[in-house]
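Enquirer: Got a structure for you, written out below as C-alpha cells; questions coming shortly.
What follows is calculated from the coordinates using simple rules that are stated; it is not laboratory data. Since we're looking at a predicted model, the values are computed, not measured. Please note: Cβ atoms are built from the backbone with ideal geometry, for glycine as well, and neighbour counts cover all protein chains shown.
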There are 2 protein chains.
Amino acid sequence: MANTLVFGHKNPDTDTIASAIAASYLLNKTGNDTEAVAQGTPNAETQFALDYFSVKAPRVITSADTSTVVLVDHNEEAQSIDNLADVTVEAIYDHHKFSFTNTTPLYITAKPWGSVATILYYEFKQADVTIPADIAGLMASAIISDTLLLKSPTTTTYDQPALEALAQIAGLEDYENYGLDLLKAGTDLSSRTDKELIDGDAKSFDMGGHQFRIGQVNTVDIDEVLSRQDGIQAAIQEENYEDFLFVITDILNSNSKALYFGDANQAIEGAFNGKLVDNIIDLPGVVSRKKQVVPPLEKQF
Amino acid sequence: MANTLVFGHKNPDTDTIASAIAASYLLNKTGNDTEAVAQGTPNAETQFALDYFSVKAPRVITSADTSTVVLVDHNEEAQSIDNLADVTVEAIYDHHKFSFTNTTPLYITAKPWGSVATILYYEFKQADVTIPADIAGLMASAIISDTLLLKSPTTTTYDQPALEALAQIAGLEDYENYGLDLLKAGTDLSSRTDKELIDGDAKSFDMGGHQFRIGQVNTVDIDEVLSRQDGIQAAIQEENYEDFLFVITDILNSNSKALYFGDANQAIEGAFNGKLVDNIIDLPGVVSRKKQVVPPLEKQF
C-alpha cells in the first residue's frame, strides 16, 4: 500500500480525477510513494475521458487509511475526506479560494489558473518529468472541462499553451472536436435521477455561518433541465439543505439560469442583480461557479 | 506609488525583510508594480546585513494604502497588517504552518524549507531572473539567520545549495565567517530594554482559543539573559499577556532555556517533557520555535 493518498474534492469532476492521477505520477517520479484515489466514482464526462485514454478510475475512499495525504483541486475541510483532521497534509495543488489551517509547514502550489491540470503541466516541466500520453490526455480533458474549452472567464494565459502541449503529447490532433464530445458527454442528464442531478458536483460553502450548497450542471438545453423543476425541488427538500442554488449552464452559448431554494432570496437577487421568478433567476454570461457565482454571493453575507 | 505592497510578519527578522525585498524585485521583473515594505524597523542582526550590503531598510507600515498585497514569511492574520481583511492578498511566499482564508483564488508558494529566501532563490531560477549581488547577500543572510548557519533542524537539502549559490553571487567568499558575525550581531542584548527583549521577534499563536505569545532571543550566554529574569517578568506582566514563553537560544551550542509566565504550566511541562523551576524550563537541543516549540505546544491544546 502507498504511503500517501492523493485525492481531489467530493463529487469528483474531471479536473479532480485527472489532477489526482497526474500529481500522484509526478510525486512518484520524484521520490515519493503515493496512490491516486477519489472521493467518488467518475461522472459521465470524466468516464468519457477515462475510456478514451484507457485509464482505470481511481479507487474510491471516504477517509484515509494512511497518515499522510496530498490534496488536489480543493483545500477546504468541507470538501475533503472525513478524517482530514487526523492526517498530515503534506502538499496541496489548488486553484480555488483558500480556507486551510494546519499545524506543520507543508508544500502548497496554488495559482489562480483555469485548472489544476494546468498548474501540474508546469510542475512536470519544472521537475523535468515526461508526461505519459494517457495522463496528458486526462490533463487536457481537465483543462477543457474546467475552462469549457477555454471559453470560461476562469481561463488564463497559461491554460491554452498547456492544453495545446498536452493535446500533442496525448496524440489528440483536434482537441476542439474532442473537447465538444467530452463536454457533451457530461450533459446527458436524462439517465440521471433528480437526486443524482442535485448531488452531481454540488459543493458546500460556509456563508456567514450557514451552509450554502451550490450545484451546477452543464447542458446544451436549459429548458430541458428546467422541465424537471418539480422533481429537482422535491429532491432538494428531501436532503434538508438550508440553501441550495442549482446552476444550469448552457455550454454552447455560455449562459446560465439557476434554481434557488432557501430563505435568502434577497441575497440571491442582490448577488446576481436580477429577480427570482418561480425560484428561477437568469444568470446571463455566467459559466463559472468559482468566479461568477461564489464571490458575488459571499459579498452578500 | 506602487500598486502592491510586499511585506513579511510583525517584528521583522532577517528572512522577513530580505524576502520582501527579493520577492518585490522578482515580481517587478516579471511585470508587476510592487514595493517592499516592513511592519517595523530592522533588528540588530538585519541591520548588520543591510549595512554590509548597503541596502536601505524598507519603509515601515502598519496598514496597507494599496488595495492589493503580497505576504512573505507569514500567512496568519495575527502576524500581518491591521487592515489585511480589507485588501486582496494576491500572493503568499511562506514556509510556516498555514492558517489562511480568503475569498478569491491567489498565488501561494509554500514549502517547508529553512527560509523563504531559499524558496525565492529557486523562484528566481525558474523565472530566469538574475539576482543582483546586494539582494543575493540579503537572501544569503536570511538563510543563515533562519537556519542558524544550516545547523537548525529546520534546515533542508534545499538550503545549503541556495546559500552557496547566493553567497557566490553576493561575493561572500567565506559565508561561515560572515554568518557568525551576522548571528552575533543579533545577540548583543545589553543595549535592549526588557520590553524590547520580549517584544523582539515575539509572535502570537492561537492555542485552543487563548492567545499564546512566544518570543525568542539568540545569545552566546544564556545565563547572562537569565540574570535579567525579574525585569523580563515585569515587562511581560505590564503587557498583560495571558501566556508568554520566552525562549533563550544558545546559538553556539544549539540549546535553549525558556522562561514561562502564564497559567498553563502543565501544558508547558508536557510539551517539553521537563519541569518548570522558578518559571524556567530546560529545552535541550531546541533551537527552532517553528519546528520544536510550536508543534509540541499545539499538541497540548
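Enquirer: Quick one: compute the contact order of region A:86-179, relative version, from alpha carbon pairs under 8 angstrom and 6+ residues apart, as a percent. Intermediate values should be presented prior to the final figure.
Expert: Numbers: 113 pairs, mean separation 24.9, N = 94.
Relative CO of region A:86-179 lands at 27 percent.
Enquirer: Using the Kirkwood radius built from alpha carbon pairs, what does the Stokes-Einstein equation give as D for region B:125-175 at 37 °C and 0.692 mPa s, in µm² per second?
Expert: It comes out at roughly 297 µm²/s.
Enquirer: Set the bar at 20 Å for Cα to Cα. Now go through A:56/A:97; B:151/B:184; A:97/A:290; A:10/A:97 and name every pair that lies beyond it. If you can, show how the numbers build up before the last one.
Expert: Values: A:56/A:97 30 Å; B:151/B:184 15 Å; A:97/A:290 8 Å; A:10/A:97 16 Å.
From A:56/A:97; B:151/B:184; A:97/A:290; A:10/A:97, over 20 Å: A:56/A:97.
Enquirer: Then there is this: Using the count of nearby Cβ atoms within 10 Å as a rough guide to exposure, how do A:249, A:41 rank from fewest to most?
Expert: A:41, A:249
Enquirer: Still on this structure, I have one more. Could you tell me which residue in chain A puts its beta carbon nearest the axis mapping A onto B, with the distance rounded to whole Å?
Expert: Checking which Cβ lies nearest the axis yields A:108, 2.
Enquirer: Spin-label point model (7 Å from Cα, Cβ direction): what's the residue B:276 to residue A:173 distance in nm?
Expert: With each label point 7 Å from Cα toward Cβ, the separation is 7.6 nm.
Enquirer: Can you sort A:192, B:289 so the residue with the fewest Cβ neighbours within 10 Å comes first?
Expert: Numbers: A:192 16, B:289 23.
With the fewest neighbours first, A:192, B:289 line up as A:192, B:289.
Enquirer: More than 17 angstrom separation, counting every C-alpha pair in region A:41-119; what % is that?
Expert: In whole percent, the long-distance tail amounts to 55.
Enquirer: Given Cβ point charges of +1 (Lys, Arg) and -1 (Asp, Glu) and nothing else, what value in debye, to the nearest 20, does the dipole of the protein assembly as shown about its Cα centre take?
Expert: About 400 debye.
Enquirer: Which net charge results when you count Lys and Arg as +1 and Asp and Glu as -1 among the other residues whose beta-carbon is under 13 Å from that of residue A:162?
Expert: Once all neighbours under 13 Å are counted, the net charge is -3.
Enquirer: Now for a different question. Can you list, shortest first in nanometers, how far residue A:2 lies from the same residue in the other copies, with each label 7 Å from Cα toward Cβ?
Expert: Its label point is 4.0 nm from the equivalent points in the other copies.
Enquirer: Of the beta bridges DSSP finds with both residues in region A:194-299, what % are antiparallel, to the nearest 5?
Expert: The antiparallel fraction comes to roughly 70 percent.
Enquirer: By how many nm would the segment from residue A:56 to residue A:227 grow when fully extended, if each residue of separation counts as 0.36 nm and the alpha-carbon distance is taken off?
Expert: Values: separation 171, 0.36 × 171 = 61.56 nm, distance 3.50 nm.
Using 0.36 nm per residue and subtracting the Cα-Cα distance, I get 58.1 nm.
Enquirer: Which three lengths, in whole Å and largest first, does region A:194-299 cover when its Cα atoms are put on their principal axes?
Expert: 35, 29, 24
Enquirer: On to the next question. List, shortest first and in nm to one decimal, how far the label point of residue A:242 (7 Å from Cα along Cα→Cβ) is from its counterparts in the other copies.
Expert: Distances between equivalent label points, in nm: 2.6.
Enquirer: Still on this structure, I have one more. When chain B is modelled as a GNM with alpha-carbon springs shorter than 10 Å, which of B:233, B:47, B:39 fluctuates the most?
Expert: Of B:233, B:47, B:39, the Gaussian network model singles out B:233 as fluctuating most.
Enquirer: Still on this structure, please answer the following. Taking the Cβ of residue B:188 as the center, what net charge do the other residues with Cβ under 13 Å away carry, scoring Lys and Arg +1 and Asp and Glu -1?
Expert: -3
Enquirer: While we're looking at this one, here's another question. Among the aspartates and glutamates, which fall within straight-line cross-link reach of residue A:257, defined as a Cα-Cα distance under 14 Å, with same-chain neighbours fewer than 8 residues apart omitted?
Expert: Partners found: A:221, A:223, A:224, A:269, A:278, A:282.
Enquirer: In whole Hz, what ³J(HN,Hα) sequence does region A:168-183 give by Karplus (6.51, -1.76, 1.60; θ = phi - 60°), x for Gly and Pro?
Expert: Here the 3J(HN,Hα) series is 5, 4, 7, x, 8, 5, 10, 6, 5, 5, 4, x, 5, 4, 4, 4 Hz.
Enquirer: Something else about it: Excluding residue A:271 itself, calculate the net charge of residues whose Cβ lies under 11 Å from the Cβ of residue A:271, where each Lys or Arg counts +1 and each Asp or Glu counts -1.
Expert: Here the charged neighbours net out to -1.
Enquirer: To continue, here is another question. Please tell me the relative contact order of region A:194-299 in percent, rounded to the nearest whole number, where contacts are Cα pairs under 8 Å and at least six residues apart.
Expert: Once divided by the residue count of region A:194-299, the mean separation gives 23 percent.
Enquirer: Still on this structure: Loop only per DSSP, at most 16 neighbouring Cβ atoms within 10 Å: give me the GluC sites (Glu not before Pro) in region A:149-223, ordered by residue number.
Expert: Sites meeting the loop and neighbour criteria: A:173.
Enquirer: Rounded, prolate or oblate: pick one for region A:146-235, where a ≥ b ≥ c are the square roots of the eigenvalues of its C-alpha gyration tensor, a/c under 1.5 means rounded, and failing that, prolate if a/b is larger than b/c, else oblate.
Expert: Because a/c hits 1.5 or more and a/b fails to exceed b/c, region A:146-235 counts as oblate.
Enquirer: Using a Förster distance of 25 angstrom, determine the FRET efficiency expected from the C-beta separation of residue A:63 and residue B:301, and round it to 0.05.
Expert: 0.55
Enquirer: Follow-up question, since we're still on this one. What are the ³J(HN,Hα) values, in whole Hz, obtained from phi via the Karplus relation 6.51 cos²θ - 1.76 cosθ + 1.60 with θ = phi - 60°, for each residue of region B:224-240 in sequence order, with x given for Gly and Pro?
Expert: These are the phi-based 3J(HN,Hα) values: 4, 5, 5, 5, 9, 3, 4, x, 5, 4, 4, 5, 5, 5, 4, 7, 6 Hz.
Enquirer: Hey, what number do you get for chain B at 222 nm if only DSSP H runs of n ≥ 4 count, each worth -39500 (n - 2.57), divided across all residues, to the nearest 500?
Expert: So the calculated ellipticity at 222 nm is -11000 deg cm²/dmol.
Enquirer: Ranked by Cβ crowding within 10 angstrom, fewest neighbours first, how are B:7, B:301, A:212 ordered?
Expert: Going from least to most buried by this count: B:301, A:212, B:7.
Enquirer: Now for a separate question. Report relative contact order for region A:57-121 in percent, whole number only (criteria: Cα-Cα under 8 Å, sequence separation at least 6).
Expert: Here the relative contact order equals 30 percent.
Enquirer: Could you compute the FRET efficiency for residue A:78 and residue B:239, with r as their C-beta to C-beta distance and R0 at 35 Å, rounded to 0.05?
Expert: Numbers: r = 38 Å, r/R0 = 1.08.
Here the calculated transfer efficiency is 0.40.
Enquirer: Same structure again: Using only the Cα atoms, what convex hull volume per residue in Å³ does the protein assembly as shown have?
Expert: Working: hull volume 96.1 nm³, N = 602.
Spelled out: Cα convex hull of the protein assembly as shown, divided by residues, is 160 Å³.
Enquirer: Moving to a separate point now. Starting from the Cα of residue B:193, step 7 Å along the direction of its Cβ; do the same at residue A:255; then give the gap between the two resulting points in nm.
Expert: So the label points at residue B:193 and residue A:255 sit 6.9 nm apart.
Enquirer: For chain B, report the translational diffusion coefficient in µm²/s to the nearest whole number, using Stokes-Einstein at 37 °C, 0.692 mPa s, and a Kirkwood Rh over Cα pairs.
Expert: Working: Rh = 19.5 Å.
Rounded to a whole number, D works out at 168 µm²/s.
Enquirer: Say the cut-off is 22 Å between C-alpha atoms; which of B:195/B:299; A:111/A:291; A:203/A:299 go over it? If you can, show how the numbers build up before the last one.
Expert: Values: B:195/B:299 29 Å; A:111/A:291 14 Å; A:203/A:299 18 Å.
Flagged as over cut-off: B:195/B:299.
Enquirer: Mind checking the dipole of region A:194-299: about its Cα centre, +1 per Lys or Arg Cβ, -1 per Asp or Glu Cβ, Debye to the nearest 20?
Expert: 480
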